[in-house]
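What follows is calculated from the coordinates using simple rules that are stated; it is not laboratory data. Computed from a prediction, not measured in an experiment: that's the story for all the values here. Note that we place each Cβ from the backbone using ideal geometry, even for glycine, and neighbour counts take in every protein chain shown.
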Amino acid sequence: MLPLREIRRREKGPTIRRHRRKTSPRRKPSSASLPSPNRSNSSAKPPYNTSSASAASNLAPRLPRPQPAPPLALLPLQAPPHALAPAPPLPKPPLPPLTEEEMQISLSDIAVNSDKIYRQLDSWFRLVLREWDIALASRPLSVKQSYQGKMATTAYTQASQYIAPFFKHLEKRDLHPDIFPEVSEIVHHAQHRRYVTANDVYLKLSIGNAAWPIGVTMVGIHERSAREKLHEKGMAAHIMSDEVTRKYLQSIKRCLKFCQTRWLPEDQLQLMG
């Protein structure tokens with residue numbers, strides 16, 4: 001007896017197997033089959049729909065065409081920013097130097113002609129520093145290399161540095177009103193070789209009539225009777241008020257010490273100690 005599977009197969013009939021047809025590889029089209037670019041193929045379809053492309057181009061926003069740049073000759077001339085700023089004022093020409101006779105200060109000109117006094121002070125102190133430098137340079141080498149010679153050189157260098165702010169005040173004509181007449185009087189006495197009198201004026205300028213020259217204002221918990229004199233005009237010690245002022249006043253004192261060795265007084269009692 002045949003199995004059930006074989007019986008069903010015979011009832012269906014013989015099966016026909018279908019084989020796939022072998023396809024040959026694609027051949028490249030020859031040059032004869034390609035359309036020439038010069039020939040117009042009216043039957044060829046366009047690659048896209050021209051009507052839809054034209055409609056899309058109409059809906060797209062149109063950008064303005066760039067305008068050509070104008071020639072350089074038509075451009076407006078613009079000045080640079082620094083040319084619009086006002087020009088700085090021209091510096092004043094330097095005044096001619098004064099002679100030693102013109103440097104002589106008169107006490108009557110201090111309150112009347114301050115510009116003349118300012119110029120005389122500037123010229124005289126520059127003369128003293130120049131003479132001081134010449135005196136130090138003319139020393140022998142053994143004196144320069146000694147301890148005292150080095151100390152003298154250091155004193156000159158320090159004095160020339162400390163007196164620089166004083167020259168700036170003289171140039172700007174803004175010296176303190178309490179210092180200007182005193183310095184003018186010091187120079188007046190030094191020019192007449194009265195160095196002791198000039199030193200007295202210097203001590204009055206540096207120390208003044210202060211109740212406590214050392215700068216003590218409150219000694220204890222109680223207020224002193226002369227404490228109000230510290231704030232009165234002419235009662236304060238100016239040399240203690242400012243460091244710059246103290247330094248150039250000390251330089252003035254060193255200039256006085258050199259002057260009494262450079263221009264000896266006729267009276268030996270006028271020499272400072």
Computed FRET value (nearest 0.05) for Ala87 with Asp178, which takes r as the C-beta separation and R₀ as 51 Å
0.85
Place a point 7 Å from Cα of Thr261 in the direction of its Cβ. Which residues in the stretch 120-146 have their backbone N less than 14 Å from it?
129, 131-140, 143-146
FRET efficiency, 1/(1 + (r/R0)^6) with R0 25 Å, evaluated for Asp133 and Thr99 via beta carbons
0.80
If I model a spin label as a point 7 Å beyond the Cα along the Cα-Cβ vector, how far apart are those points for Ala155 and Thr197 in nm?
2.5 nm
Step through the table entries Lys92/Lys247; Lys116/Lys144; Lys172/Lys204; Lys92/Lys144, compare each Cα-Cα distance with 32 Å, and write down the pairs that go over it.
Lys116/Lys144; Lys92/Lys144
Work out how much length Lys204 to Arg246 would gain on full extension: take 0.36 nm times their residue separation and subtract the Cα-Cα distance, in nm to one decimal.
13.8 nm
Can you tell me which of 4-12, 122-130 comes out highest on packing, and rank the rest after it, using the mean Cβ neighbours within 10 Å?
122-130, 4-12
